[in-house]
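The values are calculated or read from the model by the stated rules, or taken from the named source; none is laboratory data. A quick note: this is a predicted structure, and the numbers were derived from the prediction, not measured. Cβ placement follows ideal geometry from the backbone for every residue including glycine, while neighbour counts extend to all protein chains displayed.
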C-alpha cells in the first residue's frame, strides 16, 4: 500500500505523488435505550486503548468544546485535535482548508507554544479539555516533532538557533528502502536534528506543558522518520526514550507500513509498536479496497473475504498496539485525483465509510479512529469535481460533517462498547464476500451487507439466548431459536443485535409470524400474511451440473507468441449467479499469476510467455449463489493443463 507524503508547501503539490514513493504505506438517533450522556467525574473517564477516537480534523477548540456532549453521547472515548502549537501563518492567515489558506500549515510548526491562529488560544484549549473531561472524553493532541515549516525564517529563534543545531544536514541516498534515509531526511520540509539532546528536551518540555493543560495523549506525526535507540550507531538516538515519559496516558505514532520487503525492514513497524501504539495503514487500505471492490467499480483483484479481513496485516505488532481506521486526513486530503484505495479515500461515500467502520468496531480488537470529514463535503467520482466537493464549506475551524453522529455509526460505537472482552468470529454468509457476519461470543452479533443488490439471508448457528432481537440500526427482527439465528439484511445495510431494553425479548413469535419484519413497516402491511425467511433447510437442492474435461494440451511454442484460452469446466442448470475463481494450490502456484479465469464460464486464459513443459493442476472454486427457491452450492474442481 502507498500513501502520499503530507504537509508539503503549495508549490510542491504537483510533486505529491513522488512523495508517495518515499512515505510508503502509508441530532437524533433512534436508539430507545440511549439516554443523553451527562457530565461525569474525572475518575469515571474511560481508557483510550481499545476505545474509539473521533479525529476532529481542523475543528477549532471552541467547536470541539461545543460538541463534547454529543461526542460523548455517540460513544467516543477520545477526541484527537490537529497540531495545537505555533504554526506557519501561510497565505496571510487565510482560513480556507484549501485556497486562501491551507490545512497543511498545521503540520509546519514554527514554535513550541500552545495555541495557533487556526484552532484557538491556549486558554481555549484548556477550556476544551476541561469540558471533555466532564463527560469522560479524553483529548489526544497531534504532535509534529520530525520537521518544521519550510519557511525557516518564521521558526522561533529559540528553536532555530538551539545549541547543537536544529536540522539534519543529510546528503545521502533518498529512498524508502534505506533506514538512514528514512530517519535522517524528510521530503518537502526541513528534517529536525532529533539526535540533539537540547531539541529532545525542548520537545519533552512542550509535551509536559500540553499534558498539564489537559491533554491525555499524543499522536506523533511521521513517527517512523525519527530514529530508534538501536538503529545503526551512526544515526541512532534516544529521542523516544527521552520524550515518551511525559505523563500522557496514551501515545501512538504515524508509522506507515512499507509495501515491499525492503521498505518493511526500513520501517521497523514492530519495533515502534513495542514503545508506542502504531497506525494500521495496511489494514485501512484493505478495508477501502474491500468497499471499492464490493461496490462493483473494482480497483483490482477479487474483493477480500472475511478470512482476509480478519488479518490485520500487522507486520509483527500486537493487535492491541494498533490504531485502525477506514480513512485518515492523509488519504482524504492528499489523494489528489487518484481513485486508488492505496493512496486516497475521498471517493468513498459516507455510507461506505459507515460500513467499513462497522467492520472495524464490531470486531473490537484495536483502538479505532473515525476521521471527521469537512463540514458540507460530499464524495466525487469525477476528478474534475475534486476540489469543489471534498472541501465542503472550506473553512478551517468549523465542526466536521455529521457522519460521525449518524445513527449507524452511533449504534456500532455502542455495540463496540457493549462487546468489550467478548471473543469474536468473522465469517461470510453463504460464501458471499459482501455478506460479513461478526459474532461476539454469546452476547451479540453484527452483520454488514456491502452488496449493492443482494439481500443477506441469515441462517447460522448461534449461542445467543433464545428470543426475538430487534436490530439497533434499522429495527429489523432476528430470531434465535433451537441454536439457529435467522433474519435478513437489505443491500448496503447493516445490523447489530444484543440484549438491551426494548431490543430483546425472550418471547418467540408464533409459527405463522416467524419471518423477520421491518420494525418500521407501515401499519397497512401488518395484516399481510407473513412469509418465512429463506432457509437452507427449506430450500430445494440446487440442480447445477458441473463437469470437467480431460487434460487439455497447449504447445509451449504457441504460448511464446500469444495467449491461449481453454475450456475445462462446463456448468449447466445453475440456479443463481455463478462465480468461478482460481485457488492458489499445488502445481497451480506455478501458473497462478499467469492465468485468468472467466468468472461466469470458468474458461482459463494462459497469458503469453515462456513456460516449462509439464502438467499443471489448476484448482477452481465454483460458487453458485442460489435464490429464494434453491439453496446455494460451492465446490472445488481440479483441472489439468499440459504444456508440451
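Name every residue in segment 412-467 that is part of a helix (DSSP H, G or I) and over 15 Å from residue 358 (Cα atoms), in order of residue number.
First, pick out the residues of segment 412-467 that are part of a helix (DSSP H, G or I): 412-418, 429-431.
Scanning segment 412-467 gives 429, 430, 431.
Being over 19 Å from residue 430 (Cβ atoms) and surrounded by 17 or more Cβ atoms within 10 Å (Cβ to Cβ): is that true of residue 618 here?
In short, yes.
Go through segment 219-338 and tell me which helices (runs of 4 or more DSSP H), entirely inside it, have 1 or more residues that are modelled with pLDDT of 95 or more and within 16 Å of the chain's Cα centre (by Cα).
So the answer is 281-295, 329-333.
Let me confirm something: among 434, 397, which residue is in contact with a strand residue (DSSP E or B) (Cβ under 8 Å, 6 or more places away or on another chain) and not assigned by TED's automatic domain parsing to the domain that holds residue 508?
None of the other options fit; the residue is 397.
Exactly one of (1) assigned to a helix (DSSP H, G or I); (2) farther than 16 Å from residue 315 by Cα is unmet by residue 186. Its number?
Of the numbered conditions (1) assigned to a helix (DSSP H, G or I); (2) farther than 16 Å from residue 315 by Cα, the odd one out for residue 186 is (1).
Residue-by-condition table, conditions (1) farther than 23 Å from residue 413 by Cβ; (2) modelled with pLDDT of 95 or more:
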site	(1), (2)
459	yes, yes
463	yes, yes
469	no, yes
480	yes, yes
488	yes, yes
502	no, no
507	yes, no
511	yes, no
522	yes, no
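If we keep just the residues of segment 163-183 that are assigned to a loop (DSSP other than H, G, I, E, B) and touching a strand residue (DSSP E or B) at 6+ places or on another chain (Cβ under 8 Å), which is nearest to residue 237 (Cα to Cα)?
168
Within segment 71-117, work out how many residues are outside any strand (DSSP E or B), closer than 22 Å to residue 374 by Cβ and either in contact with a strand residue (DSSP E or B) (Cβ under 7 Å, 6 or more places away or on another chain) or not assigned by TED's automatic domain parsing to the domain that holds residue 207 (or both).
13
Considering only residues that are touching a helix residue (DSSP H, G or I) at 6+ places or on another chain (Cβ under 7 Å) and within 30 Å of residue 497 (Cα to Cα), which ones fall in segment 329-359?
345, 348, 350, 352, 353, 354, 355, 356, 357, 358, 359
Pick from 642, 608, 619: which is outside any loop (DSSP other than H, G, I, E, B) and at pLDDT 85 or above?
642
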